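First comes the structure, then the notes that go with it.
The values are calculated or read from the model by the stated rules, or taken from the named source; none is laboratory data. A quick note: this is a predicted structure, and the numbers were derived from the prediction, not measured. Backbone-built Cβ (ideal geometry, glycine too); neighbour counts: all protein chains shown.
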Amino acid sequence: MNQWSGIQRIVFALLLVATCPAVTHDSLAAAPTEEELERWLNEDTAEPPPQVDEGELQFLDQPPASRTPHSQNTLVILDSSLADGWVELHQCYRGLDAVHEAEVVYRYKQMRNLRVQSHANISKAFVKGQSVQLVDVQKNATLCVRAEARILSRNDDGSFTLRNGPFHRKYLDGYFPLHVTLDVQFPASLLQVVRVVPAAQPGFKVEHTSGRAHIDAWFAGMLTVELHFTRSSVASARTSLATGV
């Protein structure tokens, strides 16, 4: 039996509530049989993907030769989000592994209106509490969901922080490659991006313009992303005019 045999556990942890010190996350967990895992492994003709231990983070300057699931995320910050912290979440998983059953579990401190938007190559996908249950997940399955999460926090100096993570894909005791893209849309008249953590580097591409930030990451391990915002110059000018400063 090769080193990959045994019970498989896959985790996609996608968002951390920035206002809460405890990690609250969204995960995709599955436990296929040894036969299913062996079949999945035999479908890959490339060498096994790179693996890192818990706590490590390795950015990949080139996509791995083996197939890699893609977590595509869009967060929409509304004008009202600056007052109440609620952000719209649009999330799609692509290239999921074939298993009999899986679930997407959300453990945000505050979340509402979770619903399945679409799915393909999955016999059944339905919401149960703060989770999406999947039945008969076939090769190259996709799942798209929508929800709202209270994940934008206001700092003491009037700036704002949006924290996402840790993102990870776990098999047994190792962490394997994951492709994550994150699009953040926000009102340009109110906010501007001043810093993204981690900084841009090979395997972690960062772009931001007026009203939008885009991150494209290829990595193995656990990744947490922070976006820091200040009030835009337009918003500051309006505030000064209104207060007579």
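Going by the conditions given, is VAL99 touching a helix residue (DSSP H, G or I) at 6+ places or on another chain (Cβ under 8 Å), more than 21 Å from GLN201 (Cβ to Cβ), hydrophobic (A, V, I, L, M, F, W, C) and touching a residue at least 40 places away in the same chain (Cβ under 8 Å)? For VAL99, the condition - touching a helix residue (DSSP H, G or I) at 6+ places or on another chain (Cβ under 8 Å), more than 21 Å from GLN201 (Cβ to Cβ), hydrophobic (A, V, I, L, M, F, W, C) and touching a residue at least 40 places away in the same chain (Cβ under 8 Å) - is met. Output the residue which, of all residues in the stretch 127-181 that are closer than 12 Å to VAL87 by Cβ and of a type in the set (A, V, I, L, M), is farthest from the chain's Cα centre (by Cα). Result: LEU152.
Of the residues making up the stretch 135-169, those that are surrounded by 21 or more Cβ atoms within 10 Å (Cβ to Cβ) and closer than 14 Å to PRO69 by Cα are VAL137, ALA141, LEU143, PHE167, HIS168, ARG169.
The combined condition, being more than 15 Å from the chain's Cα centre (by Cα) and modelled with pLDDT under 80, is fulfilled by THR239.
Checking each residue in the stretch 173-232 for being part of a strand (DSSP E or B), touching a Gly at 6+ places or on another chain (Cβ under 7 Å) and surrounded by 20 or more Cβ atoms within 10 Å (Cβ to Cβ) picks out TYR175, ALA217, TRP218, PHE219, LEU223, VAL225.
As for the stretch 115-125, it holds at least one residue that is farther than 21 Å from ASN73 by Cβ and part of a strand (DSSP E or B).
Could you list, in sequence order, all residues of the stretch 60-112 that are of a type in the set (Val, Ile, Thr), surrounded by fewer than 20 Cβ atoms within 10 Å (Cβ to Cβ) and either touching a His at 6+ places or on another chain (Cβ under 7 Å) or modelled with pLDDT of 85 or more (or both)? Break it down stepwise before answering.
Let us first name the residues in the stretch 60-112 that are of a type in the set (Val, Ile, Thr), namely 68, 74, 76-77, 87, 99, 104-105.
Subset that is surrounded by fewer than 20 Cβ atoms within 10 Å (Cβ to Cβ): 68, 74, 76, 105.
Within the stretch 60-112, THR68, THR74, VAL76 qualify.
Selection of the stretch 155-172 for residues being touching a Phe, Trp or Tyr at 6+ places or on another chain (Cβ under 9 Å), outside any strand (DSSP E or B) and either of a type in the set (A, V, I, L, M) or farther than 13 Å from GLU226 by Cβ (or both) yields HIS168, ARG169, LEU172.
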